[in-house]
Each structure stands twice: as structure tokens, then as C-alpha cells.
Amino acid sequence: MRDRLILGQTLAFAGDPVAEGPAVATHEQCGGVLIRDGVIAELGDGTSLRARHPGAEVTDHGAALILPGFVDAHAHYPQTAIIASWGKRLIDWLNAYTFPEEARFCDPAYAAEVAARYLDLLLANGTTTMASFCTIHPESVDSFFAAAQSRGMRALAGKTCMDRDTAPVFLRDTARAAYDDSRALLDRWHGVDRLSYVITPRFSPTSTEAQLDALGALWAEHPDCLMQTHLSEQTDEIAWVKSLYPEARDYLDTYEAHGLLGANGLYGHAIHLEPREVERLAEVGAAVVHCPTSNSFIGSGLFDMGLRARLRVGLATDTGGGSSFSMLRTMAAAYEISQLKGTALHPSELLWLATGGSAEALRLGDRIGRLAPGYEADLVVLDLASTQAISQAAARAEDIWQTVFPTIMMGDDRAVAQVYVAGRPVRP
Ligand code: GUN
Ligand code: ZN
């Protein structure tokens, strides 16, 4: 296949701006990304790349900004249709909206339809990789991976396991079925093309200890897999965990006691953590995921960004608990929540969280999430003047950070000019 040369502004992070400051990013006003076989081959000044690669197929995006495709580190694709459901907090929201919708995924045709709709919505929003929960139905996982595979996407997902009588009877598996189904799905999909299987107990209130044990055993047999779940999202939920697991020292201990705490663990929300929980997460090298639009929409609380000093932190929509599919809207919410906690996140930190930071949370920081040679060419191209409100604010900007910040705060899918998946443009 011919080389492809994509021209525009580029912003490339050599490391984590949280630790190293915004100077870790290199901005090219007239930059270029040379793509060969789906991978970034070179990055640099657009004019010189063009001169050195006269045979490349050139796409010039003008003043638009080329970034790595966004990485959504925690989502529920089966909740696509119930996004923006009114008026409930977590436990009632699950019972009123989520569980009835998830029950529909026993039908593979419905699962395939929603998986396709969800992934197309993500691509329209510039998101090229996500870690998604599915439902208890193995078919929901097959449908999701098949849809991601046909789009050439790097995607992570797993069967959501629930066997306790706290979950509705029509959405329960068993400890044995959770192990057997998860293992069969892992064998079928993990490492196929760009797909990864993620071991997925929903959260300790909907699993028996036998099920947590079974999934802990599966993880011990496949330690290279990620394990995703929820942790300390709402205070009512934490009280519920305490009543169901009276022996546990805290919420995290309900996972730890069953082999579900580890370096490849991904713990969604993690808002109301005890000091011991932070200590243990840091000791084992686990990651937590900030879901800011969900945390405000469901009324969960304010995530502590100070955790970044100790833990890998990913950023996520948590659709359909989150109120948007857009990682731009998600960055805006992260900024606002951080402001409420007394810290203004720099645009470099927000962009990093949505790309390289989330990729590192997913243990994919050496493959996606950066504009750098050798990285997979999943890219989003942002129009930094996509609405009148944004363009008039950006017109006053004196540097790239001031130019991009109005798009971070006010942008949505209208700002996404183009998306490339493994070097292929998504829109013709
Ligand atoms: N905790 C357990 N399941 C869920 C879910 O589907 N969404 C959110 N936001 N929290 C959960
Ligand atoms: Zn979730």
C-alpha cells in the first residue's frame, strides 16, 4: 500500500505532562504524519516530509490539529440507548434503566445493531479505542468484537458477570458460567487482530464470593489480561458493599480477598477511597479511571486528580452513566470537576488524559495514544474553529494551548474533521 502523508498542526507528547509539564509536548504549526502499513513511520515538518516522500498520498488538513485518537478507558456499550435517562442515582439508575436494557442483549441481532451504532458514534467523536463492559450474555461480547474487528479498531471488552440475587434473575449467570463463558470468550478473541479480552466482574455487590473467586482464578491463569470493575462510586453503594461483605476491611478488600487486585486491574470511578485503598492500589500498580460526566450526572462525587501522583489514571465517558460519547465533553467535565477541587488542569494534561494517559491505564501506552514513530496510526483531526463560539474565542489565542482550550471546553463531534483507524480514513 502507498504511504500516506497527513498534513496539519501536530501536537506530540514525548512523555506525561502531568509529571514533566507542558514542555514535554512538541507543536508543529505545519506538521506532518507519515503513515506506512497502518503505523506512524515519521513525524515532523510537513514541507520536508512532503519533499522526502514524493510518492505518498497527501491529505492536507490545513490548520486543523492532528492528535492521537481518543482512548475511552471505561464504557458500557449496551447502555448506548439509555444515555441521558432522567432522575436517578446509581442503584436506582441500574434497576430502572440499565438492567432492563441490558436484558435485551440476549438477542444477538440487537447486540450487533447497538454495537455498530455505538462504535460509529465513537468514531464520529474521534474515539478510536475503548474498554467496554458488555452484558452477561456471551453474544453481547461476540457482537461487540465483531463490530470492532470489521472497523479495524483496537478495542477491549469483556462479559459482565453477575450471579448474586441483588441482580435481577433475568441478568444472572453463575460462578461456573462466569468462568467458563469468560474463558471461552478470552480464548476466542484475546489477541485476535486488535482486540483484547478484559475479565469483567460488574462490581462486588452483584457477584457472590464464589464468582469473584472464579474470576480471580481466571485472571491468575491469564495475568496478561486486564481486569475491569467498579470501585467506590457512591456512598450508598459503599454502605451496601459493607453490608454484603461484613468481613472486608473496605470496598477494595472485597476484590483483593478474591484475587481481583493486581497491576492489570482497572478500577472505574474510585471516588470515595480510604487511605488504605489508595495505598494498596499504588503498591500493586493498578489503574483507576476518572469518569467525570458520569460522576456529576449520577451524582456520585468529585474524583481526586491528586491520585495521579501515585496511580495511573485513565479518562472515560462511562456511557450510558456518562452523559456524552465525546472525550472532548469528558475533558471539559474533568476540567470543571478539578476546578471544584481547587486545581486547574492544563490543556496538555487534559489532552494527555484522553490519549496517552488512558492508553497507559489500559497497558497500551507503547502502541497507541501518542504521535510517535512506531505507534499505530489511530488519529483524530480536530477543527479548532468548529462553531462560532469556539472560533471567536480561539481567534484571540497566543499559543497552541490557548488555541485548543476553547475546543476542549466547548467542542463536540462537530470539531472532529477526520478520524484515521490504523492509517485508514474513516470518512471517504
Ligand atoms: N456500577 C455497577 N454497574 C455500573 C454501571 O453500569 N454504571 C455505573 N456508572 N456504575 C456501575
Ligand atoms: Zn461503569
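Against the longest alpha carbon principal axis of the chain, how many degrees, from 0 to 90 and to the nearest 10, is the axis of helix 138-150 turned?
Computed tilt is about 10 degrees.
If we sort 332-343, 197-208 on the protection proxy, mean other Cβ atoms within 10 Å, highest first, what's the order?
Per-residue Cβ counts within 10 Å, averaged per peptide and sorted highest first, yield 197-208, 332-343.
Convert each backbone phi in the range 316-328 into a coupling constant with the Karplus relation 6.51 cos²θ - 1.76 cosθ + 1.60 (shift: θ = phi - 60°), then list the ³J(HN,Hα) values in order as whole Hz, x for Gly and Pro.
Once θ is set to phi - 60°, the couplings for the range 316-328 become 8, 7, 6, 4, x, x, x, 9, 7, 8, 8, 6, 5 Hz.
Have a look at 85, 232, 326 and tell me which one the Gaussian network model of the chain (Cα, springs below 10 Å) gives the largest fluctuation.
Ranking 85, 232, 326 by mean-square fluctuation puts 85 first.
Amide H neighbours of residue 58 under 5 Å, counting only residues 5+ apart in sequence or on other chains, H built in-plane at 1.01 Å?
Amide H to amide H, under 5 Å and 5 or more residues apart or across chains, residue 58 pairs with 5.
Given the options 328, 315, 90, state which has the largest fluctuation in a GNM of the chain using a 10 Å cut-off (strictly under) for Cα springs.
90
Could you list which residues have their amide H under 5 Å from that of residue 417, counting only those 5 or more apart in sequence or on another chain, with H placed in the peptide plane?
381, 382, 383
Cα convex hull of the range 324-387: mean projected area in nm², to one decimal?
In nm², the orientation-averaged hull projection of the range 324-387 is 5.4.
Working from the pairwise distances between different alpha carbons, so that the mean of 1/r is found and then inverted, what is the range 111-249's Kirkwood radius in Å?
Numbers: mean 1/r = 0.0641 Å⁻¹.
Taking every pair of different Cα atoms in the range 111-249, averaging 1/r and inverting gives 15.6 Å.
How long are the semi-axes of the equivalent ellipsoid of the range 386-428, taking √(5λ) for every eigenvalue λ of the Cα gyration tensor, in whole Å from largest down?
24, 12, 8
Over every pair of different alpha-carbon atoms in the range 234-282, take the mean of 1/r and invert it; report that Kirkwood radius in Å. Mind dumping the intermediate values first?
Working: mean 1/r = 0.0890 Å⁻¹.
In the range 234-282 this quantity evaluates to 11.2 Å.
Taking each pair of distinct Cα atoms in the range 28-88 once, what is the resulting Kirkwood hydrodynamic radius in Å?
Here the Kirkwood hydrodynamic radius works out to 15.0 Å.
Taking the chain as a Gaussian network, where each spring joins two C-alpha atoms under 10 Å apart, which residue of 114, 24, 71 fluctuates the most?
Among 114, 24, 71, the largest mean-square fluctuation in the Gaussian network model of the chain belongs to 24.
Please report, for the Cα atoms of the chain, the Rg to one decimal and the Dmax as a whole number; what are they, in angstrom?
20.9, 68
Calculate, axis by axis, the spread of Cα positions in the range 189-262 along the three principal axes, and write the results as whole Å, longest axis first.
42, 22, 17
Could you quote the convex hull projected area for the range 127-196, Cα atoms only and averaged over all directions, in nm²?
Computing the convex hull of the Cα atoms and averaging its projections yields 4.7 nm².
What residues have an amide H closer than 5 Å to that of residue 315, excluding those fewer than 5 places away on the same chain, when H is modeled at 1.01 Å from N in the peptide plane?
Under 5 Å from the amide H of residue 315: 73, 290, 358.
Which of 309, 222, 392 sits farthest toward the positive end of the charge dipole of the chain, with +1 on the Cβ of Lys and Arg and -1 on the Cβ of Asp and Glu?
Toward the positive end, the furthest listed residue is 392.
Once phi is turned into ³J(HN,Hα) by the Karplus curve 6.51 cos²θ - 1.76 cosθ + 1.60 with θ = phi - 60°, what whole-Hz value does each residue of the range 257-270 show in order, with x for glycine and proline?
Whole-Hz 3J(HN,Hα) from phi for the range 257-270: 5, 10, x, 10, 10, x, 4, 9, x, 10, 10, x, 6, 6.
Could you run the Karplus curve 6.51 cos²θ - 1.76 cosθ + 1.60 with θ = phi - 60° over the range 337-351 and give me ³J(HN,Hα) per residue in whole Hz, x for Gly and Pro?
Going residue by residue, I get 5, 5, 4, 4, 8, x, 10, 9, 6, 6, x, 5, 5, 5, 5 Hz, with x marking Gly and Pro.
Let me check against my output: what whole-number percent is the relative contact order of the chain, with C-alpha pairs under 8 Å and at least 6 apart?
Details: 986 pairs, mean separation 83.9, N = 428.
The normalised contact order for the chain reaches 20 percent.
Every number here is computed from the coordinates shown, using simple stated rules; none is lab data. No experiment lies behind these values; they were computed from the predicted model shown. Cβ coordinates were reconstructed from backbone atoms using ideal geometry, including for glycine residues, and neighbour counts include every protein chain displayed.
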